[in-house]
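Have a look at the structure below, then the notes.
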């Protein structure tokens, strides 16, 4: 599986799965889940606008474009499928929640990985970014490799260009705040997996999610924002299979 957009249209399929990655992310993040999707399901593993390109392309995109793109992909799937499962990681979970609130009768299931209701940054996150940009990722350090694999923008060492990204991250924090306020409006069934060692999302996000009676929150005890241990993978893969079985 590559970092390219992937679309599989299955004639007469009842169910479709829409995967939405996070900010600076890539469809490759869902490589453990994609093979588990039944062959009878349609799939759209999208690339958000400005991703998969250079640093300038990302600077010129916006949250509004991502919202519109996700909604168009979702609405296209609902035209020909009875059930649509939304799978999001990080910012992709915020876009998925948005769709579930706007279209409560058309979203069949929310599957959320590392919901950033309270985003943050840490020393480890900064060091991972440094190592990715300057090609210093140590192959024997799984966390660094995972951060590199999750990065969906062309590497560019011209550090003076990165401040152009500031508006995108301001939009992300605004979106997180807005999602926290609207969380109680979610009605479709939802499962959320929160990594206990997430370097980009504080544990407060998990506490907020657990207050919602319609969201099944599962802690990934040994994982980070991009890296998942094999035991934790077994947990979220098992839950994904259970969800798929409901819609076969």
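Annotations
- Residue 156 surrounded by 12 or more Cβ atoms within 10 Å (Cβ to Cβ), under 15 Å from the mean Cα position of the chain (by Cα), in contact (Cβ under 8 Å) with a residue 12 or more places away in the chain and part of a loop (DSSP other than H, G, I, E, B): no
- Residue in the stretch 188-201 that is surrounded by 14 or more Cβ atoms within 10 Å (Cβ to Cβ) and assigned to a helix (DSSP H, G or I) present: no
- Count of the stretch 204-248 residues, restricted to those that are part of a loop (DSSP other than H, G, I, E, B), more than 27 Å from residue 82 (Cβ to Cβ) and over 17 Å from the mean Cα position of the chain (by Cα), is 4.
- Scan of the stretch 123-140 for residues that are surrounded by 14 or more Cβ atoms within 10 Å (Cβ to Cβ) and in a loop (DSSP other than H, G, I, E, B), ordered by number: 137
- Flag if residue 116 is within 30 Å of residue 75 (Cα to Cα), in contact with a helix residue (DSSP H, G or I) (Cβ under 9 Å, 6 or more places away or on another chain) and surrounded by fewer than 16 Cβ atoms within 10 Å (Cβ to Cβ): no
- Only one of the numbered conditions (1) closer than 23 Å to residue 154 by Cα; (2) over 17 Å from the mean Cα position of the chain (by Cα); (3) crowded, with 19+ Cβ neighbours inside 10 Å is not met by residue 92, and that is (2).
- Any hit, the stretch 185-192, residues being within 18 Å of residue 226 (Cβ to Cβ), over 17 Å from the mean Cα position of the chain (by Cα) and in contact (Cβ under 8 Å) with a residue 60 or more places away in the chain: no
- Selection within the stretch 141-153 - within 14 Å of residue 25 (Cα to Cα) and outside any helix (DSSP H, G or I): 150, 151, 152, 153
- The stretch 16-51, residues that are more than 20 Å from residue 93 (Cβ to Cβ) and either without any contact (Cβ under 8 Å) to a residue 60 or more places away in the chain or touching a helix residue (DSSP H, G or I) at 6+ places or on another chain (Cβ under 9 Å) (or both): 35, 38, 39, 41, 42
Listed here are the residues, each with its yes/no results for (1) buried (at least 20 other Cβ atoms within 10 Å of the Cβ); (2) more than 22 Å from residue 3 (Cβ to Cβ); (3) in contact with a strand residue (DSSP E or B) (Cβ under 8 Å, 6 or more places away or on another chain).
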| position | (1), (2), (3) |
| --- | --- |
| 15 | yes, yes, yes |
| 44 | yes, no, yes |
| 65 | no, no, no |
| 69 | no, no, no |
| 79 | no, yes, no |
| 102 | no, yes, no |
| 108 | yes, yes, yes |
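A short reminder: the numbers here are calculations on the coordinates, not readings from a lab. All values reported here derive from a predicted model rather than from experimental measurement. Counting neighbours? That spans all protein chains shown, and the Cβs are built from the backbone with ideal geometry, glycine included.
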